[in-house]
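Remarks on the structure that follows.
The values are calculated or read from the model by the stated rules, or taken from the named source; none is laboratory data. If you're wondering where the values come from, they're calculated on a predicted model, not measured in any experiment. Every residue, glycine among them, receives a Cβ derived from its backbone with ideal geometry; neighbour counts consider all protein chains shown.
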Ligand code: PLP
C-alpha cells in the first residue's frame, strides 16, 4: 500500500466532486443562447454563488480560472497592467521571497521587462513574514502587495489582518495566494479585506485544472487572454461547467468538515513529527505555535542523508512525499523557500489531507525511519 503524504501537491477528489463532474461533463456551452446553454450557464452561476458565499465574497468578485497558477498570474500581471493604464510611471510591487513560483515568476518577469519595480521581502526563519516588514516595503508608487496565506513547503501561516488593515483605502491592492490554506483554514476575504485571492480546486478535493481568482469588483485588472469576454471580460474562454461545479462541491464539503479535519490532521501531523524528530539529526521546521502552521504540513530537515537518494528510497518503500515543492524545483536542489529561510540539511515535506488515516502515519513512521537508517551508513561509507 502506497502511503500518500503528498496532499500539498494534490489531494484526491472528494466524492461530491466526482459526482458533480460526472453529472455535468456533457454540458452545453454555457454561453450558448439555447435552452441547453442556459441550463449550463445556470450550473456555472450557481457554483459561482456557492463559492462566493463560502469565501465571504460576492459572486461578482469570483472569476473562474484553470487553477492557482492562472489565478495568481491574473492578479499580479492584471493589476500591474491596469495600473500602468491609469497612472504615470512604473508601478511598484511587493511580494514575499517565499511566494509560490505562480506569484514570484510573473512579478520577476514584469520587473525584468521594466513593467514594474519589485521588492521581495525576506521571511523569518520559520517561513512567515513579519507584517511590519511587508508594510515597510510599501512606497508611494506601490500598486500591489502579495502575501501568501500559507506557505506550500513549510506550512507557515501568515498574519494577513494587520497588512489588510493598514492597506485599506490606500489604493494599494492586497493579493493573497490561499491555495494551500483553504483545505484546513477558514478564509473570509470580505472580513479580512483582501482585494484579490487565488485558490486551486485540486488542493481541497476538487479536480485538477480549475481554480478561483477572487478579484474585488472595482479593482482594475487587465485580462491575460482576450477572446469571447466571459467572466466580465477578465477571463475569456468557454466555461468549464463540470470542473467549476466540481470545484464548488469540493469547497462546500471542505468547509463543512474543515475545523474537524484540521483538528484530526494536527494530531496526526504531530504524531508523525514527534516520531521522526526522535531520530538523531531530524528537525521539524516552521513556527513553534500550532496556530501559526497548517495542520496538514510536516516539514523536516534531515542531516546526513542525500536528497536524491532519499527520494528514491521513499519510492522504493512506498511513501509518496516531497523533497521540495512538487511544482517547483526538483528533488535534491535547495528550494528558494529553504534558502530564504536559511534552512540546512535535506528537506522532506510530508503533507496530509482528508483521506489520511492513523494507519498511514503508522506505516509512514516505520518506512521513513527504515529509509533514513538505510541511507546513513551508505553516506558514512562514502565519506
Ligand atoms: N500557489 C501555491 C501556494 C501552490 O502550492 C500551488 C501548487 O502547488 C499553486 C499556487 C499552483 O496551483 P495550480 O496547481 O492549480 O496551478
Can you name the residue in region 190-200 that is outside any loop (DSSP other than H, G, I, E, B) and crowded, with 24+ Cβ neighbours inside 10 Å and is also nearest to the ligand (Cβ to nearest atom) among such residues? 200
Looking at (1) surrounded by 24 or more Cβ atoms within 10 Å (Cβ to Cβ); (2) away from the ligand (no atom under 16 Å from the Cβ), can you tell me which one residue 35 breaks? (1)
Here the qualifying pairs (Cβ atoms under 6 Å; residues six or more apart or on different chains; first in region 283-309 and at positive phi and surrounded by fewer than 23 Cβ atoms within 10 Å (Cβ to Cβ); second modelled with pLDDT under 95 and in a helix (DSSP H, G or I)) come out as 304/376; 304/379
Select from region 92-103 the residues that are surrounded by fewer than 22 Cβ atoms within 10 Å (Cβ to Cβ) and within 20 Å of residue 224 (Cβ to Cβ) and list them in ascending order. 101
Any idea which of 49, 22 is modelled with pLDDT of 95 or more, loosely packed, with under 15 Cβ neighbours inside 10 Å, on the phi < 0 side of the Ramachandran plot and touching a helix residue (DSSP H, G or I) at 6+ places or on another chain (Cβ under 6 Å)? 49
Residue match in region 226-246 (condition: more than 13 Å from the ligand (Cβ to nearest atom), in contact with a helix residue (DSSP H, G or I) (Cβ under 6 Å, 6 or more places away or on another chain), farther than 25 Å from residue 29 by Cα and in a loop (DSSP other than H, G, I, E, B)): no
Is it the case that some residue within region 147-157 is buried (at least 23 other Cβ atoms within 10 Å of the Cβ), without any contact (Cβ under 8 Å) to a residue 60 or more places away in the chain and farther than 30 Å from residue 5 by Cβ? no
Check every one of the strands (runs of 3 or more DSSP E) wholly within region 75-181 and list those with 2 or more residues that are away from the ligand (no atom under 12 Å from the Cβ) and either within 25 Å of residue 191 (Cα to Cα) or modelled with pLDDT under 95 (or both). 92-96, 142-146, 173-177
